[in-house]
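**Q** Please see the structure below; I have some questions.
The values are calculated or read from the model by the stated rules, or taken from the named source; none is laboratory data. What you are looking at is a predicted structure, and each value in this text was computed from that prediction instead of being measured. Ideal geometry is used to build each Cβ from the backbone, glycine not excepted, and the neighbour counts take in all protein chains shown.
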């Protein structure tokens with residue numbers, strides 16, 4: 001604090017010894033030491049309080065700066081989010097519109113085939129209706145009852161074979177192949 005050298009302190013001590021006297025000098029030195037100690041403590045307390053206030057003020061300023069920075073970052077993020085959200089929403093709307101138009105186009109394509117595609121594509125197989133049964137005359141070999149013979153109670157073999165109609169059925173094994181099956185006299189089926 002004060003720039004006092006040893007020689008200056010020695011001069012002050014000699015003057016105090018002469019002025020105060022040797023009997024009261026220890027008591028005055030003790031009191032003077034207590035006062036100087038209190039003054040030093042008071043000065044140190046004031047320095048500490050000022051230092052604390054300066055630090056608190058700096059911390060408050062730092063806190064305010066950090067809060068301002070955090071608010072600016074938050075507002076910046078919100079602005080960025082809203083700026084990104086708008087194109088994203090429009091993109092989602094476009095995608096949903098495309099999905100809907102594709103679905104409609106798919107339904108229309110199912111309902112009305114494209115003439116270009118059907119002209120170049122393989123022709124669809126046409127279902128050939130099954131032919132009507134063909135009637136082929138076949139001689140009958142079964143016994144025929146004649147009314148006169150019924151009266152007599154006898155069964156006679158059929159006189160002469162007469163042509164009768166036997167239906168012939170056609171079965172399909174492949175789209176272009178057909179086979180004809182018919183019953184003929186004397187064949188085992």
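**Q** Is it the case, given these coordinates, that residue 84 is surrounded by 10 or more Cβ atoms within 10 Å (Cβ to Cβ) and touching a helix residue (DSSP H, G or I) at 6+ places or on another chain (Cβ under 7 Å)?
**A** The answer is no for residue 84.
**Q** Moving to a separate point now. For region 7-14, state whether one or more residues are assigned to a loop (DSSP other than H, G, I, E, B), loosely packed, with under 10 Cβ neighbours inside 10 Å and either over 60 Å from the mean Cα position of the chain (by Cα) or without any contact (Cβ under 8 Å) to a residue 12 or more places away in the chain (or both).
**A** no
**Q** Against the definition (surrounded by 10 or more Cβ atoms within 10 Å (Cβ to Cβ), part of a helix (DSSP H, G or I) and modelled with pLDDT of 65 or more), how does residue 149 come out, yes or no? If you could, list the steps in order and put the result at the bottom.
**A** On the way: surrounded by 10 or more Cβ atoms within 10 Å (Cβ to Cβ): yes; part of a helix (DSSP H, G or I): yes; modelled with pLDDT of 65 or more: no.
No, not satisfied.
**Q** Could you please give the count of residues in region 18-37 that are exposed (fewer than 10 other Cβ atoms within 10 Å of the Cβ) and in contact (Cβ under 8 Å) with a residue 12 or more places away in the chain?
**A** Going through region 18-37 one residue at a time, the tally reaches 0.
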